[in-house]
Amino acid sequence: MLVSAKPHIGTDKLRAIVAGFRDEILRLGGEIVFGCRAERFVFGPSGEVRAVVCRARGGEPVTIECGAVVVAAGHSARDVYHYLAGEGFSLETKPFSVGARIEHLREDVDRALYGRHAGDPRLGAAEYAYSKRWPDGSAVYTFCMCPGGEVIAAASEPGGVVVNGMSRSARDGVNSNAALVASVDPAPGSPLLAVEYQRQIERAAYLAGASGGEYFAPCQSVGDFIEKRSGKNPSRVLPTYRGGRVVLANLWDILPRDVCERMRAGIAEFGKKSRFFGMREALLTGVETRTSAPVRILRGEGFTAPGHGNVYPCGEGAGYAGGITSAAVDGLRVADAIVRRYAPVE
């Protein structure tokens, strides 16, 4: 991180690093409970949380007393949003984005961006980031670009298909992929309607690819997407999602029309900048709906939820980050606030 403008670890190495985090927490006296669901809070007379009632798989409820609670559940813990809304916590909608993963051959991306230097081992797989914003504030952009990576399954609920992307440390896969997403600015109303907006798209993707409950993902070539037709099986660019467990579908029947219109405009715009982007053989696999949380759990200047003075909403799931690094930074800010309050340095 000290020498690289875009530091990359790789999912294969990250597994060991996360295990190292766990070991360090245990060494410092912390406790980690796996397979355990936080079910509800026990409130004090002033709205503070005195304990959290948890339940391990197949076990009896366990009450954990606490002085402070950090709510850092991640952007896919939708049950947390429903629970907090029911308990009177203040939530609001926030902008988010939806779309699909776009895959190109890594060689095509390298050649387009590196030119005659493509293939030089000192460069590694090429990366890109494109965006287009219109006067009305709507936008389309690429997100979480994975050079030499693959499209992965990211569903967190039954009956819904969600995709994401990853790269291993070597970044030497046949394809490179990125999210191609359009911004969504939900209308004022219940924040939970924004969650339902995501869920409806995910269910439509599942129904398009349903094959014995195998969670096949809908896919479509860029050429066919531009022409709004399901088209033919992938040929030059082959899908990486779950070893090719995809089904031909028309993403115009799954994603909202305005999202598809902006994605199509983005393909044309980004293709002007780099000729590989608009290649008809490139592949779209859907749906990408979890770029960030659609909901924000409100907090005040002390990082605590209004009316609940010891509850600290934190990170991407709470609506205060837009990726791995910003979520980590927000975690540091919340931790610092807790230390300053409960154990200030003399």
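Per-structure values
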| item | result |
| --- | --- |
| Criterion violated by Leu14 - all others in (1) outside any loop (DSSP other than H, G, I, E, B); (2) surrounded by 13 or more Cβ atoms within 10 Å (Cβ to Cβ); (3) touching a residue at least 12 places away in the same chain (Cβ under 8 Å) satisfied | (3) |
| Count of residues meeting criterion [closer than 30 Å to Phe270 by Cα and not acidic (Asp, Glu)] in region 282-316 | 13 |
| Residues satisfying the stated conditions in region 200-249, i.e. free of Cβ contacts under 8 Å to residues at least 60 places away in the same chain, in a loop (DSSP other than H, G, I, E, B) and under 24 Å from the mean Cα position of the chain (by Cα) | Ala210, Gly213, Glu214, Phe216, Gly244, Arg245, Ala249 |
| Selected residue (criterion: surrounded by the fewest Cβ atoms within 10 Å (Cβ to Cβ)) from residues of region 291-329 that are without any contact (Cβ under 8 Å) to a residue 40 or more places away in the chain and over 23 Å from Thr142 (Cα atoms) | Glu301 |
| Some residue of region 236-258 being among the basic types (Lys, Arg), buried (at least 20 other Cβ atoms within 10 Å of the Cβ) and assigned by TED's automatic domain parsing to the domain that holds Glu202 | no |
| Region 320-336, residues that are touching a Ser or Thr at 6+ places or on another chain (Cβ under 9 Å) and either at pLDDT below 95 or over 17 Å from Ile297 (Cα atoms) (or both) | Ala321, Gly322, Gly323 |
| Cross-chain or 6+ apart pairs with Cβ under 6 Å, region 117-143 first and farther than 19 Å from Arg257 by Cα, then polar (S, T, N, Q) and at pLDDT 95 or above | Ala129/Thr142; Tyr130/Thr142 |
| Glu157 over 27 Å from Leu105 (Cα atoms), within 17 Å of the chain's Cα centre (by Cα) and free of Cβ contacts under 8 Å to residues at least 12 places away in the same chain | no |
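Residue by residue, here is whether (1) crowded, with 17+ Cβ neighbours inside 10 Å; (2) in the same structural domain as Phe276 (by TED's automatic domain parsing) holds:
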| site | (1), (2) |
| --- | --- |
| Ile25 | no, no |
| Leu28 | no, no |
| Ala38 | yes, no |
| Ser46 | no, no |
| Arg57 | no, no |
| Ala72 | yes, no |
| Gly99 | yes, yes |
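The values are calculated or read from the model by the stated rules, or taken from the named source; none is laboratory data. Quick caveat: nothing in here was measured; it's all calculated off a predicted structure. As a convention, Cβ positions derive from the backbone with ideal geometry for all residues, glycine included, and neighbour counts pool all protein chains shown.
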